[in-house]
1. Provide the net charge surrounding GLN304, with neighbours chosen by a C-beta distance below 13 Å and charges set as Lys +1, Arg +1, Asp -1, Glu -1.
2. Are there chymotrypsin sites (Phe, Trp or Tyr not before Pro) in the stretch 1-102 that DSSP puts in a loop and that have at most 10 other Cβ atoms within 10 Å, and which ones?
3. Could you give log10 I(q)/I(0) at q = 0.17, 0.20 Å⁻¹ for the stretch 89-173, computed by the Debye formula over C-alpha point scatterers of equal weight, without solvent?
4. What list of ³J(HN,Hα) values in whole Hz, one per residue of the stretch 178-193 in order, does the Karplus curve 6.51 cos²θ - 1.76 cosθ + 1.60 (θ = phi - 60°) give from phi, with Gly and Pro shown as x?
5. Under a point spin-label approximation (7 Å from Cα along Cα-to-Cβ), what is the THR101-ASP255 distance to one decimal in nm?
6. Could you pull the accessible area for SER51 with a 1.4 Å probe, rounded to 10 Å²?
7. Taking Rh as the Kirkwood radius, which is the inverse of the mean 1/r over Cα pairs, what is the Rg/Rh value for the stretch 256-328?
8. Going by amide H atoms built from the backbone, whose H comes under 5 Å of the H on CYS78, apart from near neighbours?
Amino acid sequence: MKFVDEAIIRVIARDGGDGALSFRREKFIPRGGPDGGDGGHGGSVYLVTNSGLNTLADFRYTKEFRAPHGENGRGRNCSGSAGEDLMIPVPLGTLIHDAETGEQIGDLTRHGQTLLVAKGGHRGLGNTHFKSSTNRAPRHTVPGTPGERREIKLELQLLADVGLLGLPNAGKSTFLRAVSEARPKVADYPFTTLHPHLGVVMLEQHRSFVIADVPGLIEGAHAGAGLGIRFLKHLARTRILLHLVDVAPFGQDADPARDAKSIAAELEKFSPELAARERWLVLNKIDLIPIQQRETHCRRLVQQIAWTGPVFEISAISGQACRELTGRLMDRLQELTQQQAEPAMEKSQEDE
Ligand SMILES: Nc1nc2c(ncn2[C@@H]2O[C@H](COP(=O)(O)OP(=O)(O)OP(=O)(O)O)[C@@H](O)[C@H]2O)c(=O)[nH]1
Ligand SMILES: [Mg+2]
């Protein structure tokens, strides 16, 4: 299925039904009282998350969603039935903005979460409601109110703990295959991966995390080169970025240090916040460097980049050192979760 991560749709909640104006007309009861029933509520429109969906592709063709009207009330105190609410399924990680004002309406990150996006109109009241000792034949009714309608922008930002960053051919998809059940395509040409893939890394029971493999970046991506930087937004919610570097790129003028720097520069141009996120350098394809030269080769590369953060040397294709890396990632993610929880706990203690 085509990967779609943005859509603008129109959601139309419907009007409440009008209240009825009616009087009892029965044999032998010459002047029956009012019996106009109420209208039904208009149907509202909700979004509901469904973890089985991975893209917003369903919204490519259907752009308008209407809930049903509330029915008008009728005589004999019959109420109109309410318009049923319309539930629109969306993938986890969908951000919702009002398309006109740009205001954020919601962010759906849990399975089964719902969000009201257009409220149905209130039901009208029939004339029965206005009967009183002084007015036994009220002609007053209340009409239903109109339902809301608006245009909303849906934007998918995948939910992943770890994001893979790197040039095309760095081995990102090979790494994802090595550590998860995900099966993104791998090939020796650039831009094999055309849209993000998620993979779940299972270490042992209750210890797992999600990795996002996004299409490779190249220098000038911020200006649209290659596939551009539009997929980087899928890394926005990750907590750790892995920057994969091919230590033995093919070609005479290949320069892994320059490549690595250009990725960091593209990241900075896309989002200084993402550039400041915790990032680990992963030197991949070390199987291509003879064992005796590996240490010096890798050390020199790290120096050329002037990198001071964590460094890992792996071979994604053989799986070498991949388990150590995922183990370290898991530990660090748990540490980050604890750190996040602690300030919140301190705060709630202060509040007490
Ligand atoms: N020798 C060796 N080759 C590798 C290793 N990892 C990946 N490769 C090869 O490098 C090529 C590119 O790998 P991919 O995993 O498709 O690279 P990618 O980073 O996902 O590339 P894009 O999807 O184009 O951005 C493939 O031919 C892989 O077989 C490795 O550790 N050692
Ligand atoms: Mg790939």
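1. Combined, the nearby Lys, Arg, Asp and Glu give +2.
2. Those satisfying the criteria are PHE28, TYR61.
3. Treating every Cα as an identical point scatterer, log10 I(q)/I(0) equals -0.84, -0.96.
4. 5, 10, 9, 7, 5, 10, x, 5, 10, 7, 8, 10, x, 6, 5, 8
5. Between THR101 and ASP255, the simple spin-label model gives 5.1 nm.
6. The accessible area comes out at roughly 70 Å².
7. Taking Rg over the Kirkwood Rh, I get 0.99.
8. HN-HN under 5 Å from CYS78: GLY37.
The values are calculated or read from the model by the stated rules, or taken from the named source; none is laboratory data. Keep in mind that what you see is a predicted model, and the values were worked out from it rather than measured. FYI the Cβ positions are ideal-geometry reconstructions off the backbone, even for glycines, and counts take in every protein chain you see. Ligands, DNA and RNA are excluded from the accessible area calculation, which covers all protein heavy atoms including side chains. Shrake-Rupley method; radii C 1.70, N 1.55, O 1.52, S 1.80 Å.
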